[in-house]
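Here the structure comes first, spelled out in structure tokens, and everything after it is commentary.
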Amino acid sequence: MAKIGINISTGSLQKEEMIVGIDLGTTNSLVAIIHPESKKPTALKEHDSSSLVPSIVHFGESNQITVGESAKGLLVADPENTIFSVKRLMGKSFNDIKDRGSFFTYKVIDDDTERLVKIQVGDRFYSPVELSSLILKELKSRAEHILKTAVTKAVITVPAYFNDAQRQATRDAGRLAGLDVLRIINEPTAASLAYGIGLKKEEEKTIAVYDLGGGTFDISILKINNGIFEVLSTNGDTYLGGDDFDQVLVKLICKKTAIDENTMRADKSLAQAIRLKAEWVKKQLSSASIVADMVDGEKFEITKQEFEKGIQHLVDKTITCCSQALKDANLGTDQIDEVVMVGGSTRTPLVKETVSKFFNRKVHDDLNPDEVVALGAAIQADILAGNNKEFLLLDITPLSLGIETMGGLMDVLIPRNSKIPTKAARQYTTQKDGQPSMRISVFQGERDLVQHNRKLAEFNLTGIPGMPAGLPKVEVSFLINADGILLVKAKELRSGIEQVIEVKPQYGLTDEEVENMLLASITNASEDMKLRALVEARTEAIQMIETTQKFIEKNKAFLENEEIENTKSALDSLTKVLSSEDKDAIHSHIEALNEISKPYAERLMDIAISKSMKGKKV
Ligand code: ADP
Ligand code: MG
């Protein structure tokens, strides 16, 4: 039964529940939707407050939790209990971040360096996933308050370079916050969507997305083709952003007010107060050419020129990253069709000017750079909700796809998380002489043995002309089109016979099932590896038995009786050990058989070779 909701704030009917777009940032986070009336992407905000929610969590006396602007205020007073930059810790072990230990003013646990980091607040421990979920919970409840309707579905953005573990951690954080995360999309992809780049079918463009946030800089080069966003290269600096501009101003302010830098650093509260002041000055200087203010009872004045001189080397650093990203993508600046500006720090005029100069073109900066990622996420959410049928869905395969090979092993053709559309092909051959058909069984899942994965389809490629085992070349190809439909084709290349079937892999699998399958593949990894080794040993043994039997049958006349007897008994014991679970025993019996057959096999080989050489002129 379809649910029909009424949006109380707008009075409009909503057939489907709204799906929101969320930018879960290192410094700031926010929620955006497609406005039900104007149909425009809109960042959610309460009246005239900002749409940005600082990604900061504060734990109070009796563990009461505050998130956002009020927590940011407590950075000054209560650094140990105020957690910022959680995004940097997502999917990381202590080893990954230990060089940056001094960056974090709160306690990052280092008892077991290989494990994922935990953060200690008072006597409690939190994982980055839990902390991120607190931010997402806050965003969710804000959105519900503004929209006056339940919000349970979301698209969340992550940096293009986030690996699987980091994406999964983000997903988990969403789920912990009570959100059904329909999709994780790349921040640069979202930003280009917000500018309408890549929304048209048949559009082919190469774009650069320059994202300078609070503490991180990312440059991504994307190729857009038929609604598919391909990341050609990424570069950046995970410790370069607006915070560094603030530090330049902190120094300037100290100099102007004659506050000693060392004294300031020793006084945590004063240090934080100046830090916040510096950020305020920086924002003023994005539109003013001089700022006059006071801190700690001391007056100061700073000009835009002084500020720009101080940050020039930082801006230059980002340009070096841009050059490297272009180089990695094998492109020149003249091959970039569009440049998109993202991140609050691109409001600084010097940044905009420098980037524009480097790429030698006008950059996209009409939208609020700190909202643009969330706006794009909202557009993606709207497409997913089915409100925007003319646009393509950008998708990835949730689980690996492959076929069953000898011994029931899974042979993956398309690994999970591949962007679609995609294709892959591999060649197989027959196991028996004159084998007329080949069974192709298609499976989905991460386990080594197909019996643990999910069978999607099975068919026979028939009519393979009689050939010795190993000679036919059967090419199996997988093609997933933009609608997520999988086409499996098997073709015998020597004769040209082929067969095609259509499979719809994503239907019938819920997100939960996908997660369970992934979980099972992790928990069973070592078990699976052992099993795979055993199956491979057995397969090798069976092949060896068959070829040896064939060989003695054919060459009886050239063999000594003793050789035949010894071979037969070695074959017997190999056959016996086949059913055992002991791969090492199987291997040693294969070895034994080899030892016996090697001498006569070589002898006969020599005869065959000398025979074939006879009559040939050398
Ligand atoms: P993130 O993506 O890291 O979460 P944002 O894109 O929200 O961060 O960018 C935050 C940074 O943008 C902060 O350093 C903030 O001071 C800076 N910023 C915000 N507004 C301005 C402005 N008007 N001028 C210069 N910098 C700004
Ligand atoms: Mg950002």
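Here are the numbers:
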item: Residue among Gln335, Gln312 that is within 16 Å of Leu212 (Cβ to Cβ), away from ligand 2 (no atom under 16 Å from the Cβ) and more than 25 Å from the chain's Cα centre (by Cα); result: Gln312
item: Answer residue from the stretch 298-334, given it is surrounded by fewer than 17 Cβ atoms within 10 Å (Cβ to Cβ) and in contact with a Ser or Thr (Cβ under 6 Å, 6 or more places away or on another chain) and is nearest to Asp260 (Cα to Cα) among those; result: Glu298
item: Yes/no for Glu69 being among the charged types (D, E, K, R), within 22 Å of Lys87 (Cα to Cα) and away from ligand 2 (no atom under 16 Å from the Cβ); result: yes
item: Residues located in the stretch 560-589, provided they are among the hydrophobic types (A, V, I, L, M, F, W, C) and surrounded by 16 or more Cβ atoms within 10 Å (Cβ to Cβ); result: Ala570, Leu571, Leu574, Val577, Ala585, Ile586
item: Arg175 being surrounded by fewer than 22 Cβ atoms within 10 Å (Cβ to Cβ), more than 16 Å from ligand 2 (Cβ to nearest atom) and either hydrophobic (A, V, I, L, M, F, W, C) or not assigned by TED's automatic domain parsing to the domain that holds Val351 (or both); result: yes
item: Flag for Gly297 being within 16 Å of ligand 1 (Cβ to nearest atom) and on the phi > 0 side of the Ramachandran plot; result: no
item: Hits in the stretch 26-57 - residues which are of a type outside the set (D, E, K, R) and away from ligand 1 (no atom under 16 Å from the Cβ); result: Ile33, Ile34, His35, Pro36, Ser38, Pro41, Thr42, His47
item: Counted residues, the stretch 143-158 - those being of a type outside the set (Ser, Thr, Tyr), in contact (Cβ under 8 Å) with a residue 40 or more places away in the chain and surrounded by fewer than 21 Cβ atoms within 10 Å (Cβ to Cβ); result: 6
item: Asn95 being surrounded by fewer than 19 Cβ atoms within 10 Å (Cβ to Cβ) and within 25 Å of the chain's Cα centre (by Cα); result: yes
item: Checklist (1) at positive phi; (2) in a strand (DSSP E or B); (3) away from ligand 2 (no atom under 16 Å from the Cβ) applied to Glu202, failing item; result: (2)
item: Identity of the residue in the stretch 22-43, in a loop (DSSP other than H, G, I, E, B) and crowded, with 22+ Cβ neighbours inside 10 Å, that ends up nearest to ligand 2 (Cβ to nearest atom); result: Gly25
item: So Tyr210, is it part of a loop (DSSP other than H, G, I, E, B), touching a Ser or Thr at 6+ places or on another chain (Cβ under 8 Å), aromatic (Phe, Trp, Tyr) and within 29 Å of Trp280 (Cα to Cα); result: no
item: Checking Lys389 against (1) at pLDDT below 95; (2) in a strand (DSSP E or B), the condition it does not meet; result: (2)
item: Count of the stretch 304-335 residues which are within 22 Å of Pro159 (Cα to Cα), within 16 Å of ligand 1 (Cβ to nearest atom) and among the β-branched types (Val, Ile, Thr); result: 2
item: The stretch 234-266, residues that are acidic (Asp, Glu), surrounded by 15 or more Cβ atoms within 10 Å (Cβ to Cβ) and more than 15 Å from ligand 1 (Cβ to nearest atom); result: none
item: Answer residue from the stretch 213-232, given it is assigned to a strand (DSSP E or B), within 25 Å of Leu89 (Cβ to Cβ) and not β-branched (Val, Ile, Thr) and is nearest to ligand 2 (Cβ to nearest atom) among those; result: Asp218
item: Lone qualifier among Thr66, Thr82 - being on the phi < 0 side of the Ramachandran plot, surrounded by fewer than 21 Cβ atoms within 10 Å (Cβ to Cβ), of a type in the set (Ser, Thr, Tyr) and away from ligand 1 (no atom under 16 Å from the Cβ); result: Thr66
item: Residue count, the stretch 583-618 (criterion: modelled with pLDDT of 80 or more and either not acidic (Asp, Glu) or not in a helix (DSSP H, G or I) (or both)); result: 17
item: Some residue of the stretch 106-123 being out of contact with any strand residue (DSSP E or B) (no Cβ under 8 Å at 6 or more places or on another chain), at pLDDT 85 or above and outside the structural domain of Ser269 (by TED's automatic domain parsing); result: yes
item: Tally of residues being assigned to a loop (DSSP other than H, G, I, E, B) and either near ligand 1 (Cβ under 8 Å from one of its atoms) or under 21 Å from Gly21 (Cβ atoms) (or both) across the stretch 336-375; result: 9
item: The one condition in (1) within 16 Å of ligand 2 (Cβ to nearest atom); (2) at pLDDT below 95 that Thr318 fails to fulfil; result: (2)
item: Inter-residue pairs, beta-carbon under 7 Å, first in the same structural domain as Ser573 (by TED's automatic domain parsing) and in the stretch 592-607, second among the β-branched types (Val, Ile, Thr) and surrounded by 11 or more Cβ atoms within 10 Å (Cβ to Cβ), 6+ apart; result: Leu593/Thr548; Ile596/Thr567; Ser597/Thr548; Ser597/Thr567
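The values are calculated or read from the model by the stated rules, or taken from the named source; none is laboratory data. Quantities reported herein were computed from a predicted structural model and do not represent experimental measurements. Positions of Cβ are backbone-derived with ideal geometry, glycine not excepted, and every protein chain shown enters the neighbour counts.
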